[in-house]
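*Asks:* Would you mind keeping the following structure in view while I ask a few things?
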Amino acid sequence: MTVARWSDLPSRLYSASVLALAGFLAMFFGGLFLLVTVVGLVFVMHYELAKMQSPLFLEAPIYSSIVALITILFLTYADFWTLSLSILAVSLMCQYFLMSTQKLLGALYSLIIILGGFYIIELRGDFGILFVAWVVCLVIVTDTFGYFGGRLIGGPKFFISISPNKTWAGVLSGWAGAFLCTYFFMELNAFTDFTLNAQTLFLFAILLSLGSQVGDLFESFMKRKCKVKDSSNIIPGHGGFLDRFDGIIVAILICGILEPLIS
């Protein structure tokens, strides 16, 4: 029983290390390298999304991915917000008709992915590498502390109808990890350009940690509706890119929405 509980740990660690290195390089170099990485991520996540939502419509994954790719490129380079909103509206209409199982849910998740990808690029340009690295690391630490906290402590389940493996111990452990991660980045002077005091920053960290957990639950809910265990099997130990980046996308989206308040 104990061995089975930790059987996925080696593959999770290996996959997480490779993804972390690729993400760090993309954030470090920024510019075109970051753009290509984010666009590729949005493309693959939409492929997985449409494949789950429309298992009988074999062309849906590639059509959905292409629409999302075009949309995020237009959002990145468009100069007028009215044009951006129009393009985004057309994109969501296309995604709605490409989804079969849960049309509204699929279109909503498409919106989250596209805006999350867009804000990764925007926040890297506006706030620099350390801020984006903090958000990404916060989500990773939340997930890691939640994983070990849930496995080691166990206890009452959290939203068992959606994600039967999650526990309150895992949720609270994730928040503790977010707190420690933020303290570490404060020591690196990552927030010297912000007006937020330490107390507000820690509360913001908990909000992002909670947001990442909600993102994970939302994706779990969608998978249950589509009757699949993982979005794909691309990443050993993690499933697909939707499974791995669901929390990061939501946390980044929260940062993008609240950007005027934190700058």
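*Asks:* If each of residue 82 and residue 207 carries a label point 7 Å out from its Cα toward its Cβ, how far apart are those two points in nm?
*Replies:* Taking the two extended label points, one gets 3.2 nm.
*Asks:* Still on this structure, I have one more. Compute the length gained on full extension between residue 168 and residue 258: take 0.36 nm times their separation in residues and subtract their Cα-Cα distance, giving the result in nm to one decimal.
*Replies:* 29.7 nm
*Asks:* Which residue fluctuates the most in the chain, going by a Gaussian network model with Cα springs under 10 Å, if the choices are 36, 250, 135?
*Replies:* 36
*Asks:* Please arrange 157, 166 by how many other C-beta atoms lie within 10 Å of their C-beta, fewest to most. Each step should come with its number before you reach the end.
*Replies:* Values: 157 16, 166 21.
Listed from fewest to most nearby Cβ atoms, that is 157, 166.
*Asks:* List the trypsin sites (Lys or Arg not before Pro) within the stretch 192-263 that fall in a DSSP loop (any state other than H, G, I, E or B) and whose Cβ has at most 11 other Cβ atoms within 10 Å.
*Replies:* The qualifying sites are 227, 229.
*Asks:* Mind giving me the FRET efficiency for residue 57 and residue 227? R0 is 25 Å, r the Cβ-Cβ distance, nearest 0.05 is fine. Display every interim value, and only then the final one.
*Replies:* Values: r = 16 Å, r/R0 = 0.64.
For R0 = 25 Å, the calculated efficiency reads 0.95.
*Asks:* Report the label-to-label distance for residue 13 and residue 129 in nanometres (one decimal), using points 7 Å from each Cα along the Cα→Cβ vector.
*Replies:* 2.7 nm
*Asks:* Sticking with this one: Taking chymotrypsin sites (Phe, Trp or Tyr not before Pro) that fall in a DSSP loop and have at most 13 other Cβ atoms within 10 Å as cut points, what is the longest piece of the chain between them? Please list the in-between numbers first.
*Replies:* Working: sites that count: 6, 80.
In the chain, the maximal stretch lacking such sites is 81-263.
*Asks:* Using Cα positions and a limit of under 29 Å, work out the lysines in reach of residue 157, with same-chain residues fewer than 8 apart set aside.
*Replies:* Excluding near neighbours in sequence, the set is 166, 223, 225, 227, 229.
*Asks:* Just want to confirm a number: the relative contact order over the stretch 2-262, from Cα pairs under 8 angstrom separated by 6+ residues, in percent.
*Replies:* 21 percent
*Asks:* On to the next question. Per 0.36 nm of contour for each residue apart, how much would the distance between residue 89 and residue 74 grow if the chain were fully extended, relative to their Cα-Cα spacing?
*Replies:* 4.2 nm
*Asks:* Using a Gaussian network model on the chain with a 10 Å cutoff between Cα atoms, which of 21, 130, 115 fluctuates the most?
*Replies:* Comparing 21, 130, 115 in a Gaussian network model of the chain, the most mobile one is 21.
*Asks:* Is the chain rounded, prolate or oblate when judged by the Cα gyration tensor, a ≥ b ≥ c being the square roots of its eigenvalues, rounded requiring a/c under 1.5 and prolate requiring a/b larger than b/c?
*Replies:* The shape class here is oblate.
*Asks:* Where the only charges are on Cβ atoms (+1 Lys, Arg; -1 Asp, Glu), what is the dipole of the chain about its Cα centre, to the nearest 20 debye?
*Replies:* With Lys and Arg at +1 and Asp and Glu at -1, about 960 debye.
Since every read-out is calculated from the coordinates, none of them should be taken as a lab result. The shown structure was predicted, so the numbers you read here are calculated from the model rather than taken from an experiment. Quick reminder, even Gly has a Cβ in these numbers, built from the backbone with ideal geometry, and neighbours come from all protein chains shown.
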